[in-house]
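*Asks:* Provided herewith is a single structure, encoded as structure tokens, for subsequent inquiry.
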Amino acid sequence: MELQKQNYFDAFLSCAFSIYNENKFSGNVTEREKQDITRLLSVLVSVPSELNGEFCNFIFQRIELPAVVSSILFASMNHIKKFDINKKYLILKNETQYSCKSLNMLKRICAVYDIKLEEKQTVLRKTKVKLVFPSGFQKRVLQEQKQLPPRENKLNDAFSADYDKFVDWWANCDEFEISNDDALFGAYQVMSFYNEICNGGFDQFWDFAENSNWDVEQLKKRFKKLLPPSLYTLFEKALYAHNNGEDCEAFNGEFEYDKMQDEILPKLASKVMKILNKN
């Protein structure tokens, strides 16, 4: 069962990152997009029911945008209500780069497979989303998957083995053991920054930083070196607002999720792995 579980995890990561990195999801749908969508969905619909909870937990913990899209699809198609897809959907709505690529990815998947995406605002102005799958959805996906031509699996460098190892290192390392290593601790803080923004926004990040007893001045120095000017400026503005007792929710919509994921984190992953491989 452990081998079977890992096979599904690996297949999901390969398909999700490949479809995201190798398609634009703009203009008319291409044959390549249809094939990649079918490959991803065929993995999601093939997960055995006894693994549903564990698989859903696995993809919900992933913070990359293609995993966010997939978590919404998987939880919806299996009616797993303990995972909040509305929170994940809000991440897609907050995108500002690449024409909201991940939201377009979700909409394109829904369009190709006739999935109805219903979005509404509650009385408290919170966004609620619901996916309605057509009759025979799973059967159609598996039938079309059988007709796909073979394709060599090529992952973008942003989601290479180094990146996965970096995420695993970040999730399992003891920050106190690396606190005296400026390069490693800086990378750890940037990844934590991205994770908290994805899951709760700037206000959640400030809580996390304060609970971790991080030195704000040192944090600013590291972020100034590691973040591009646009993101560092946003960080400073949000910090100023936070220090003045203001709510930082407005800054969440300006956060450049794609820039972090496609440019900054892969570079950090490469640097961290080089350091760790030398030790």
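Only the coordinates and a few stated rules stand behind these numbers; no lab work does. Small disclaimer: the values here were computed from a predicted structure and weren't measured. For neighbour counting, all protein chains shown are included, and Cβ atoms are generated from backbone atoms with ideal geometry for every residue, glycine included.
*Asks:* Which log10 I(q)/I(0) values does the chain give at q = 0.16 Å⁻¹ under the Debye formula, counting every alpha carbon as one identical point scatterer?
*Replies:* -1.35
*Asks:* Which value, in debye to the nearest 20, describes the size of the charge dipole of the chain about its Cα centre when Lys and Arg Cβ atoms bear +1, Asp and Glu Cβ atoms bear -1, and nothing else is charged?
*Replies:* On the way: 37 positive and 40 negative charges, 237 e Å.
It works out to roughly 1140 debye.
*Asks:* In the structure displayed, which of K107/K146; K126/K267; K120/K267; K34/K101 lie more than 26 Å apart, Cα to Cα? Write down the numbers at each step before the final one.
*Replies:* Numbers: K107/K146 24 Å; K126/K267 35 Å; K120/K267 38 Å; K34/K101 16 Å.
Pairs exceeding 26 Å: K126/K267; K120/K267.
*Asks:* Evaluate the distance, in nm, between pseudo-label points positioned 7 Å from the Cα of T122 and of L148 along their respective Cα→Cβ axes.
*Replies:* 3.6 nm
*Asks:* Based only on Cα atoms, what mean projected area does the convex hull of region 2-153 have, in nm²?
*Replies:* Numbers: hull surface 37.8 nm².
The number I arrive at for region 2-153 is 9.4 nm².
*Asks:* In whole angstrom, note down how far apart the Cα centers of region 246-278 and region 13-63 are.
*Replies:* Spelled out, the Cα-based centre of one part sits 22 Å from the other.
*Asks:* Relative to the longest principal axis of the C-alpha atoms of the chain, give the angle of the C-alpha long axis of helix 31-46, reported between 0 and 90° and rounded to the nearest 10°.
*Replies:* Rounded to the nearest ten degrees, it is 90.
*Asks:* How many nm separate the modelled label positions at D84 and D10, each set 7 Å beyond the Cα in the direction of the Cβ?
*Replies:* In this crude spin-label approximation the distance works out to 3.5 nm.
*Asks:* To the nearest 0.05, what FRET efficiency results for V29 and K93 with a Förster distance of 25 Å applied to their C-beta separation?
*Replies:* Values: r = 22 Å, r/R0 = 0.87.
Working from the Cβ atoms, E equals 0.70.
*Asks:* Please state, rounded to one decimal and in Å, the Kirkwood hydrodynamic radius that region 204-279 gives when every pair of distinct Cα atoms enters the mean of 1/r.
*Replies:* One over the average 1/r among Cα pairs gives 13.9 Å for region 204-279.
*Asks:* Same structure again: If the limit is 23 Å between Cα atoms, which of K82/K139; K224/K259; K81/K259 go over it?
*Replies:* Details: K82/K139 26 Å; K224/K259 16 Å; K81/K259 31 Å.
The pairs that break the limit, which is 23 Å between Cα atoms, are K82/K139; K81/K259.
*Asks:* Right, another one. Which residues among region 249-264 fall inside the zone where the amide N is under 19 Å from a point 7 Å beyond the Cα of D207, along Cα→Cβ?
*Replies:* Flagged as within label range: 249-253.
*Asks:* Output the 0 to 90 degree angle, nearest 10, between the alpha-carbon long axis of helix 202-211 and the longest principal axis computed from the alpha carbons of the chain.
*Replies:* On a 0 to 90 degree scale, this one is about 50.
*Asks:* Provide the gained length on full extension for the span E246 to D114, in nm with one decimal, where the gain is 0.36 nm per separating residue minus the Cα-Cα distance. Mind dumping the intermediate values first?
*Replies:* Details: separation 132, 0.36 × 132 = 47.52 nm, distance 4.30 nm.
Stretched fully, the E246-D114 segment lengthens by 43.2 nm.
*Asks:* Working out 0.36 nm times the residue gap between F137 and D174, then minus their Cα-Cα distance, what length gain in nm do you get to one decimal? Working shown, then result.
*Replies:* Numbers: separation 37, 0.36 × 37 = 13.32 nm, distance 4.42 nm.
Separation in residues times 0.36 nm, less the Cα-Cα distance, equals 8.9 nm.
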